[in-house]
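Nothing in this text is a laboratory measurement; each read-out follows from the coordinates by a stated rule. Every value quoted in this text rests on a predicted model; they were computed, and no experiment measured them. Don't worry about glycine lacking a Cβ; one is built from the backbone with ideal geometry, like all the others, and counts go over all protein chains shown.
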Amino acid sequence: MESVIATQPLSDNQHQALALAINSIAPNWPLDQMIAVNPLWQRIHHHFDQVAADVSLLAGAHCYMDQNTYYGWYQKGLISDNAIHQAASEYQVAQQGDDLITYLTTPIARPDSWRNIADWADQSRPETRMSWHDEITHQISQFCAAHYQKQRPMLQHQYRGHSLNLYQHWLQVTRMDRGLSIIMSEDGLHHEFNELPDNHLDLISLVANDMQLSDSTLAVYAQALLLDINGWGAYLAYRRFEAQKAEQDDSDLLALLAIKLAWEWVIWRYMRKHYIQEHEVLAQRFAHQVQALPSLVEHHKSALIPQAIWARALELSEQSKLEKKLLAQPEKAASAPRLQAIFCIDVRSEVYRRALEQQDADIETYGFAGFFGLPIEYKQAGTQSTRPQLPGLLAPSIQVFEQQTNEAQLDEAARHVSWHRWGNTAAATFSMVESMGWWYAFKMFKKTCLNAVSKEQSLRPASVNPPTTQWTLIRDGSALTVEDQAQLAKGILDVMGLPHFAPTVMLVGHGSRSCNNLQSAGLECGACGGQTGEVNVRVLAQLLNDDKVRKALIPLGYNIPNQTQFVPALHNTITDHVTCYIPPEQTAVQDWLQQATYITQQERAFDVDPKLMNMDRNERDLAYQQRANDWSQTRPEWGLADNNAFIIAPRALTRGIDLEGRAFLHDYQYENDPEGSILERLLTAPMLVTHWINMQYNLSTTDNFKFGSGNKVLHNAVGDHIGLFEGNGGDLRIGLATQSIYDGERWMHTPQRLNVYIRAAEHTIAEIVAKHEVLQHLIHNEWLYVFVWQEDDITRFYA
């Protein structure tokens, strides 16, 4: 349909305003690749406190806990008086002693947040009628779910033969939906959509001119509209991010903004025609809001000062406690280790590593990024699908697949995947019982009442092939040569930093396998793209065990002894079992691993379930396994909750220190890195990953409605893996479920910005930071804190 209203092209300034809004939305990965993301990542070029005020204004979002929660932590001793006074001084608050506590605990009225046209219209709308805001969110969200599942039954015949973009498809569907007038109890509402332009840029231009939006107002308004449907915005930002990695572009996020703006303009025009008086009030309020924007931002910033002081005081208190531990005398490392185990830097590995080291003085553990330096994507034999096995910020450059395939196992795996997908769809439990009869009902009963641990539900290897499978590595269509493999291995060994090689070197990836959990990928290895690290450790073990590769490594500076065997292993973070897929020759290793499992399970018992504390170790071990296989369990494990630090230093400096499962640990020897090239890789890759994890947990805790995914019990998958709804509608949800951070009585994550401790020269850190704008933003704008750790002193680094 040709528009009956003339439009003019967007100006350069309007394009810039739209780009500012589009670029403010952080990506959110699909369920099958779920990784932790800082939902405010696109705003790190501003100070954290400023962003907290901005999103409070634009979306009513919370980046701090409430004052009562902080005061409760203060009463429990988590926040010290010295820290409170130092934090108050940083924010130029002069009160002292009891006056300061009174100031910090006195409730402050929250300033009004930005309201879109739909919000203003709802204020004069009878309570008996459907809310504009709720219906818009529901309509757009349901449409997007259908669009990205390629469900287009409502399209007119002439449009079915080709693909329409997001805005065009929405407009076509909405123009045919006469039910909108009935749902909203507004006669003729559906006719308004016939007046909308067919092109999303024309629509934006039309609305901006008709509503007389200045360029700066358009930028703010567009951000508020996108934050109002942030779940779908984040998914489309992910699609755009992936397109840009492939040197393409994706305009769907801008189209989503146009859809939101179209609804605003429809309400604006409809009220101007049918509710003249209410429209005049709405227009006045909207205009006043625009004029008051500069002062509103400052009001929000001022109102948040008490919470910001509490948050800073909590961080200062935790930093002081941790630094006392780090400056304590460490244990002496083994001189001739019998076992070396390289774990992911994941905070869950810290507890197990400490337990394993307790078994024998001749055991060394190391921390390394969980994808083990392999820039790979995995293609399962017999399929065309691939999945990334590396951090979400990176693009894979190598494809790996198995040379051997066990057809029977492959068929079984395919059936398992199909069954799993069916069981994860909305209302699937009921349809599966109806279709499969009493057999499936009995399985449900067994899981619910008997809570049995079955072989079928045990942790499955990522590959269906036996451990003897040979892996092929492909880059740009050709298999990597021995020399290529040696260069790849050298780069990994450089960062791994092993000073020598023990007879057994375990490469320990990690994975988590829970039942009936749509966010299970979020418990896997984030550095492996929300997958287990099994593929990575198997591939790396093959590289480092290959005689030809070892020979090629000699002139590159690595002479691996013949007796050294690299063993791929997998750490199940729910049960804390470590499975070695190639059994080591030393029988003691299996005993060490088992004892470490018992110790780790005992240490985690109170937080997981206090009932576990009173069990003997065998009963407790069985209970953990049952927990992993309990389909009704909403808290199979606590994941990376309560993380607060990333330590880049030799393990010898932290060995024997109880870091409480809160620290990411990456080994690093600055003496072996004179040019700082290894440290540069650590600060621009693992540190960004740990920051994303930290901020996802922080913001899912401070505002689960805006940055989290609500009640896990109500989760329904959208399009198998696109994302999830809480219930049967609303916006797509991002972040962590409430059950991932709250046990029903207490918060299991304490929100605080990441503390990064680096054992290196300050000038080396400064040179690296000066080269990378992203590091400057993170440090200078206090999205994290960096500390220089030298001998007997720890000082903060300022960018």
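Could you tell me the calculated FRET efficiency between K548 and N672, based on Cβ-Cβ distance and R0 = 25 angstrom, to the nearest 0.05? Walk me through the numbers before you get to the answer.
Numbers: r = 26 Å, r/R0 = 1.04.
Efficiency at R0 = 25 Å is approximately 0.45.
With charges set only on the Cβ (+1 for Lys and Arg, -1 for Asp and Glu), what does the dipole of region 640-799 come to about its Cα centre, in debye to the nearest 20?
For this selection, approximately 400 debye.
Quick one: length gained pulling A303 to D792 fully straight, 0.36 nm per residue minus the C-alpha distance?
On the way: separation 489, 0.36 × 489 = 176.04 nm, distance 3.98 nm.
Residue separation times 0.36 nm, minus the Cα-Cα distance, leaves 172.1 nm.
Dividing the convex hull volume of the Cα atoms of region 305-355 by its residue count, what figure in Å³ per residue is obtained? Please report the intermediate quantities before stating the final value.
Numbers: hull volume 5.4 nm³, N = 51.
Dividing the Cα hull volume of region 305-355 by its residue count gives 106 Å³.
Can you tell me the length gained on complete extension of the stretch Q95 to D362, counting 0.36 nm per residue apart and subtracting the Cα distance?
Details: separation 267, 0.36 × 267 = 96.12 nm, distance 5.45 nm.
Roughly 90.7 nm would be gained on extension.
Answer with one residue from V51, P568, Q487: the one whose Cα lies farthest towards the positive end of the charge dipole of the chain, charges on Cβ with Lys, Arg +1 and Asp, Glu -1.
About the Cα centre, the residue reaching furthest to the positive side is P568.
With both partners inside the chain, how many of the DSSP beta bridges are antiparallel, as a percent to the nearest 5?
Working: 25 of 61 bridges.
Percent antiparallel among DSSP bridges in the chain is about 40.
Add +1 for every Lys or Arg and -1 for every Asp or Glu among the other residues with Cβ under 14 Å from the Cβ of K771, and state the total.
In short, -3.
List R239, R125, R733 from most exposed to least, where exposure is judged by having the fewest other Cβ atoms within 10 Å. Intermediate results must be reported in sequence, preceding the final value.
Working: R239 15, R125 19, R733 28.
Arranged by neighbour count, lowest to highest, R239, R125, R733 become R239, R125, R733.
Based on DSSP H runs of at least 4 residues, each adding -39500 (n - 2.57), what is the mean residue ellipticity at 222 nm of the chain after dividing by all its residues, to the nearest 500 deg cm²/dmol?
On the way: 30 runs with 363 residues, N = 799.
That calculation yields -14000 deg cm²/dmol at 222 nm.
Counting other beta carbons within 10 Å of each residue's own, what order do D81, D793, D252 fall into, fewest first?
Working: D81 13, D793 9, D252 22.
So the residues, fewest neighbours to most, are D793, D81, D252.
Given K301/K771; K76/K325; K76/K611; K245/K379; K245/K551, which pairs have Cα atoms separated by over 26 Å? Don't jump to the answer; show the numbers that get you there.
On the way: K301/K771 31 Å; K76/K325 20 Å; K76/K611 24 Å; K245/K379 19 Å; K245/K551 36 Å.
Too far apart for the 26 Å limit: K301/K771; K245/K551.
For a protection proxy built on the mean count of beta-carbon atoms within 10 angstrom, sort 171-179, 71-79 highest first, please. Write out the running numbers ahead of the final one.
Values: 171-179: 16.7, 71-79: 15.0.
Top to bottom by mean Cβ count within 10 Å: 171-179, 71-79.
Taking the beta-carbon count within 10 Å as an exposure proxy, list V713, V281, V297, V495 from fewest neighbours to most.
Starting with the residue having the fewest Cβ neighbours, the order is V713, V281, V297, V495.
More than 28 angstrom separation, counting every C-alpha pair in region 640-799; what % is that?
Details: 4223 of 12720 pairs.
Of all Cα-Cα pairs in region 640-799, 33 percent lie more than 28 Å apart.
List the GluC sites (Glu not before Pro) within region 534-621 that DSSP assigns to loop and that have no more than 12 neighbouring Cβ atoms inside 10 Å. Working shown, then result.
Working: sites: E534, E585, E603, E619; in loops: E585.
Answer by residue number: E585.
Using only the Cα atoms of the chain, what semi-axes does the equivalent ellipsoid have when each is the square root of 5 times a gyration tensor eigenvalue? Give whole Å, largest first. Don't jump to the answer; show the numbers that get you there.
Details: eigenvalues 424, 215, 137 Å².
Result for the chain: semi-axes of 46, 33, 26 Å.
Starting with the highest mean, order 607-614, 115-122, 34-41 by the number of other Cβ atoms within 10 Å, averaged over the residues of each peptide.
Working: 607-614: 14.2, 115-122: 21.5, 34-41: 24.0.
Going by the mean number of other Cβ atoms within 10 Å, highest first, we get 34-41, 115-122, 607-614.
Quickly work out the F606-to-N165 label distance, labels modelled 7 Å from Cα along the C-beta direction, and quote it in nm with one decimal.
Placing both labels 7 Å along Cα→Cβ, they lie 5.8 nm apart.
Once label points are set 7 Å from the Cα along Cα→Cβ at both F705 and Q212, what is their separation, rounded to one decimal in nm?
Modelled inter-label distance: 3.4 nm.
Using a Förster radius of 60 Å, what is the FRET efficiency between A292 and Q563 based on their Cβ-Cβ separation? Nearest 0.05, please.
On the way: r = 74 Å, r/R0 = 1.24.
Using R0 = 60 Å, I get an efficiency of 0.20.
Scan around Y757 for amide H atoms under 5 Å from its own, H built in the peptide plane at 1.01 Å from N, and keep only partners 5 or more places away or cross-chain.
Residues meeting the amide H criterion: F646, I647, I648, F787.
About its Cα centre, what dipole magnitude does the chain give when the only charges are +1 on Lys and Arg Cβ and -1 on Asp and Glu Cβ, stated in debye to the nearest 20? Walk me through the intermediate numbers first.
Values: 63 positive and 92 negative charges, 290 e Å.
That gives a dipole near 1400 debye.
Compute the length gained on full extension between R110 and W747: take 0.36 nm times their separation in residues and subtract their Cα-Cα distance, giving the result in nm to one decimal.
227.0 nm
To the nearest 0.05, how large is the calculated FRET efficiency for Y598 and D658 if R₀ is 25 Å and r is the Cβ-Cβ distance?
So, using R0 = 25 Å, E works out to roughly 0.90.
How many nm separate the modelled label positions at S632 and Q284, each set 7 Å beyond the Cα in the direction of the Cβ?
Computed distance between label sites S632 and Q284 equals 5.8 nm.
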